[in-house]
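**Q** To start, I am sharing the structure in question, which I have written as structure tokens.
Values quoted throughout were computed directly from the atomic coordinates according to the rules given, and no laboratory measurement underlies them. All figures in this text were calculated on a predicted structure; none of them were measured in a lab. Methodologically, a virtual Cβ is constructed for each residue, glycine included, from the backbone with ideal geometry; neighbour enumeration extends over all protein chains shown.
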């Protein structure tokens with residue numbers, strides 16, 4: 001007799017089983033026992049304290065170091081993906097379903113690693129926005145900064161994505177410098193536990209940066225404090241209960257909820273049968289109904305279509321859904337696996353009965369299961385069910401009741417205003433989609449739906465091959481929605497990282513604020529001497545500055561530049577037309593001529609530590625430059641970001657161009673790649 005695997009929690013530095021045998025978890029497709037789960041006996045207050053203590057080591061790392069850690073971790077997990085796929089079959093997920101969860105989750109972690117290296121400085125503090133000047137002489141300024149919270153992020157996840165649901169949350173959290181405690185839903189916790197084991201095995205994370213609770217969270221939330229954060233994915237009812245927990249309320253704990261919602265997809269009136277948009281709509285609705293057996297928080301629950309197209313739409317969906325092979329998730333011919341459990345199937349059937357009060361079933365039978373493999377009674381199988389509500393405005397249930405499975409309801413609209421009204425009756429959703437090739441229809445439907453949705457996808461012929469689809473949350477885009485969807489946001493690129501940081505307005509003298517932020521601020525000390533382009537990162541310091549000689553702009557300069565580049569805009573070439581322009585008194589020099597001459601003034605031409613110029617940020621031309629004006633450049637080292645595991649780093653230079661009267665005519669940041677040492681280590685070795 002095989003001993004059933006007991007899931008363990010990873011807390012306070014070790015793997016710990018619950019004190020009791022616990023709940024038996026069953027294979028979704030066969031009903032066979034998979035594992036036991038229990039968290040009885042864990043000291044949840046100690047778990048939080050252990051995580052908070054671990055935060056110190058995370059916070060000493062820079063964003064680039066943490067991003068590098070995430071990259072190494074993502075690659076290590078990708079190398080073990082087949083192990084996760086094998087375990088994922090117990091959840092009822094097909095290979096395609098598992099791909100979304102496993103490789104989608106790891107890909108999300110790698111995306112955050114990449115964004116951390118590309119979009120964040122190699123520092124421990126973020127600046128947010130521009131410096132605010134608070135005094136006339138510039139001696140008193142302010143800068144908003146973002147610093148990591150000093151608590152723990154508690155992530156309470158749903159059963160449908162046991163790997164993605166964890167990784168999409170811990171990636172931005174760890175990048176921000178905040179330790180995590182993950183609590184997966186019990187039904188599929190065995191897959192999350194396996195993934196966490198492999199994470200811990202790598203040794204890449206500081207101890208305490210990631211803890212796992214398999215089983216109930218007990219009194220964990222009783223101990224959350226002001227520096228902690230809690231996220232929840234699941235039912236709106238449970239989310240509201242957690243959000244109003246006394247400790248969460250009393251300590252103003254950051255709480256983010258991503259709740260199941262009644263997402264809608266709208267077919268435009270131009271998308272008639274035979275068009276690419278109609279075919280795409282049919283394919284997308286069917287895919288969202290059957291992927292993960294419809295157990296997705298982003299699945300299409302409400303199918304909104306022009307009344308004239310409804311009959312053809314229902315027929316097309318019925319034909320497509322009838323071909324969906326339901327069976328064991330590991331079988332090659334299976335296109336849809338079972339629901340997560342028999343209890344989940346019973347729940348979905350009950351919700352279908354609720355919907356039948358206002359809608360009729362037009363495809364599928366929830367009580368007569370047809371499978372291509374497996375046992376229809378022992379496994380939690382359910383064929384796709386398509387419903388139709390002819391009077392959707394009066395059918396409140398289709399906008400309030402969610403059957404969390406392969407169930408969608410078609411509802412007709414008579415004009416675009418009604419389509420928008422129906423979409424909004426979901427009272428806030430994670431995502432909506434619009435399928436149309438008509439620009440006017442797209443504008444009307446998207447702007448009407450946007451305030452009630454976290455994301456809106458436009459499907460059209462142009463994106464048929466490239467679109468990721470209605471139900472795919474992506475790392476750079478926000479995942480969340482208003483109202484019923486929970487009112488929270490996750491991911492969204494660096495926006496998701498900032499959620500786990502505190503924004504603070506710091507006021508003071510430029511010298512002191514520059515020391516706090518690690519970024520030169522106007523009015524902070526500067527250092528002159530050797531040309532800063534002759535300095536490697538080992539020698540360069542924030543505030544190193546060059547003030548150049550001057551160069552006078554001539555008529556010949558402007559006309560040569562105009563003919564050489566082809567930029568013969570009238571303000572540069574026609575005196576009468578230039579004087580008629582309210583912004584100019586005479587012919588003016590090209591803005592890009594000013595930037596080019598500025599480079600000629602500050603560049604040190606000989607080979608040296610500056611390896612490349614890779615861009616200009618925030619370029620603004622602030623005053624016109626006329627013939628006879630003299631330009632001078634002040635170039636100041638503003639920010640230094642050494643790259644990890646490379647011989648160079650990025651340097652941001654504040655470039656200010658003035659005329660003979662001291663007026664600023666151009667202002668921008670110059671971005672360069674600079675060697676850490678000079679000569680380069682490879683050349684020195686040679």
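**Q** For the pair residue 241 and residue 147, how long in nm is the line joining their label points, each one 7 Å along Cα→Cβ?
**A** Distance between label points: 3.8 nm.
**Q** What FRET efficiency do you get for residue 596 and residue 307 if R0 is 56 Å and r is their Cβ-Cβ distance, rounded to the nearest 0.05? Mind showing how you got there, number by number?
**A** Details: r = 61 Å, r/R0 = 1.10.
After rounding to 0.05, the efficiency reads 0.35.
**Q** If you don't mind, there's one more thing I want to ask. Using Cα-Cα distances under 8 Å and only pairs 6 or more residues apart, what relative contact order does the range 263-485 have, in percent? Before the final figure, lay out the partial values.
**A** Details: 449 pairs, mean separation 59.2, N = 223.
RCO, the range 263-485: 27 percent.
**Q** Now a separate question. Report the residues of the range 644-684 in range of a label on residue 618: point 7 Å along Cα→C-beta, backbone N strictly under 11 Å from it.
**A** 653-655, 667-670
**Q** At 222 nm, what value in deg cm²/dmol follows for the chain if DSSP H runs of at least 4 each add -39500 (n - 2.57) and the sum is divided by all its residues, to the nearest 500? It would help to have the intermediate numbers written out before the result.
**A** Details: 20 runs with 220 residues, N = 686.
Calculated from helices alone, the mean residue ellipticity at 222 nm is -9500 deg cm²/dmol.
**Q** Restricting to the range 263-485, what percent of DSSP beta bridges are antiparallel, rounded to 5?
**A** On the way: 3 of 27 bridges.
So the antiparallel bridges amount to about 10 percent of the total.
**Q** Find the relative contact order for the range 526-685 and round it to a whole percent, using C-alpha pairs within less than 8 Å whose residues are 6+ positions apart.
**A** Numbers: 329 pairs, mean separation 44.9, N = 160.
Contact order relative to length: 28 percent.
**Q** Which order do the peptides 34-43, 150-159 take when ranked by the mean count of other beta-carbon atoms within 10 Å per residue, highest first?
**A** 150-159, 34-43
**Q** Rounded to whole Å and sorted largest first, list the principal axis extents of the Cα atoms in the range 526-685.
**A** That gives 61, 31, 24 Å along the principal axes, largest extent first.
**Q** Arrange 266, 300, 352 by Cβ neighbour counts within 10 Å, fewest through most, would you?
**A** Values: 266 30, 300 26, 352 21.
Going from sparsest to densest Cβ surroundings: 352, 300, 266.
**Q** What's the center-to-center distance, using Cα atoms, between the range 101-122 and the range 280-347 in Å?
**A** Cα centroid of the range 101-122 versus Cα centroid of the range 280-347: 31 Å apart.
**Q** For the range 263-485, how big is Rg over Rh, using alpha carbon atoms and the Kirkwood form of Rh? Could the numbers behind the result be given before it?
**A** Working: Rg = 16.5 Å, Rh = 17.4 Å.
Result for the range 263-485 is an Rg/Rh of 0.95.
**Q** If you don't mind, another one. Quick one: grab the alpha carbon gyration tensor of the range 16-134, order the square roots of its eigenvalues as a ≥ b ≥ c, and give me rounded if a/c is under 1.5, else prolate or oblate depending on whether a/b is larger than b/c. Please list the in-between numbers first.
**A** On the way: a/c = 3.03, a/b = 1.57, b/c = 1.93.
The shape class here is oblate.
**Q** Over the alpha carbons of the range 243-357, what is the largest minus smallest coordinate on each principal axis, giving the biggest first in Å?
**A** Reported extents, whole Å, longest axis first: 58, 38, 30.
**Q** Please report the antiparallel percentage of DSSP beta bridges with both residues in the chain, rounded to the nearest 5.
**A** Working: 64 of 108 bridges.
Looking only at bridges with both residues in the chain, the antiparallel portion is about 60 percent.
**Q** So what is the relative contact order of the chain, in percent, for Cα pairs below 8 Å that sit 6 or more residues apart? Walk me through the intermediate numbers first.
**A** Details: 1552 pairs, mean separation 85.3, N = 686.
Relative contact order for the chain comes out at 12 percent.
**Q** Same structure, new question: Sort 466, 596, 265, 216 by Cβ crowding within 10 Å, fewest neighbours at the top.
**A** Values: 466 6, 596 14, 265 26, 216 18.
Neighbour counts put them in this order, fewest first: 466, 596, 216, 265.
**Q** Turning to a different aspect of this structure: Would you mind ranking 678, 99 so that the residue whose beta carbon has the fewest other beta carbons within 10 Å leads the list? Let's see the in-between values first.
**A** Numbers: 678 21, 99 15.
By the 10 Å Cβ count, ascending: 99, 678.
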